[in-house]
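Some notes on the structure that comes next.
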Amino acid sequence: MARTLALAGTGLLAVILVASIVVAEPINSQFRRLPEGVVPPQAERLRRRWRRFHLIRACLGVAALACLIVAVTYAGPSRGVAR
């Protein structure tokens, strides 16, 4: 069970990383390329998409953290250590 949760948490972190590159970076790039004060066309649509993405990403981050915390606490002390 602990291994499955650890893998799930790690997988969620990988999804967050890839999604940040694929979804957020192109949106950020559209704003970054323009001179300061200039708004790109469809700015409001881009902002809504960016906010929605970050909400989903934050939820996935919380889920990943929860999986990793439960995995560590469920595993308990290492059984292979001699005392």
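Tabulated data
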{"read-out": "Given (1) under 19 Å from Val62 (Cα atoms); (2) surrounded by 14 or more Cβ atoms within 10 Å (Cβ to Cβ), index of the condition Phe31 fails", "value": "(1)"}
{"read-out": "Those residues of the range 31-42 which are part of a helix (DSSP H, G or I) and without any contact (Cβ under 8 Å) to a residue 12 or more places away in the chain, in sequence order", "value": "Arg32"}
{"read-out": "Residue under evaluation Phe53, criteria (1) under 27 Å from Ala71 (Cβ atoms); (2) surrounded by 11 or more Cβ atoms within 10 Å (Cβ to Cβ); (3) without any contact (Cβ under 8 Å) to a residue 12 or more places away in the chain, criterion not met", "value": "(3)"}
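Here's the yes/no breakdown for (1) in contact with a helix residue (DSSP H, G or I) (Cβ under 9 Å, 6 or more places away or on another chain); (2) under 17 Å from Gly11 (Cβ atoms); (3) at pLDDT 90 or above:
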site: Ile21; (1), (2), (3): no, yes, yes
site: Glu25; (1), (2), (3): no, no, yes
site: Val38; (1), (2), (3): no, no, no
site: Arg47; (1), (2), (3): yes, no, yes
site: Leu55; (1), (2), (3): no, no, yes
site: Val70; (1), (2), (3): yes, yes, yes
site: Gly80; (1), (2), (3): no, no, no
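The values are calculated or read from the model by the stated rules, or taken from the named source; none is laboratory data. In this text, all values refer to a predicted model and were calculated from it rather than measured experimentally. Please note: Cβ atoms are built from the backbone with ideal geometry, for glycine as well, and neighbour counts cover all protein chains shown.
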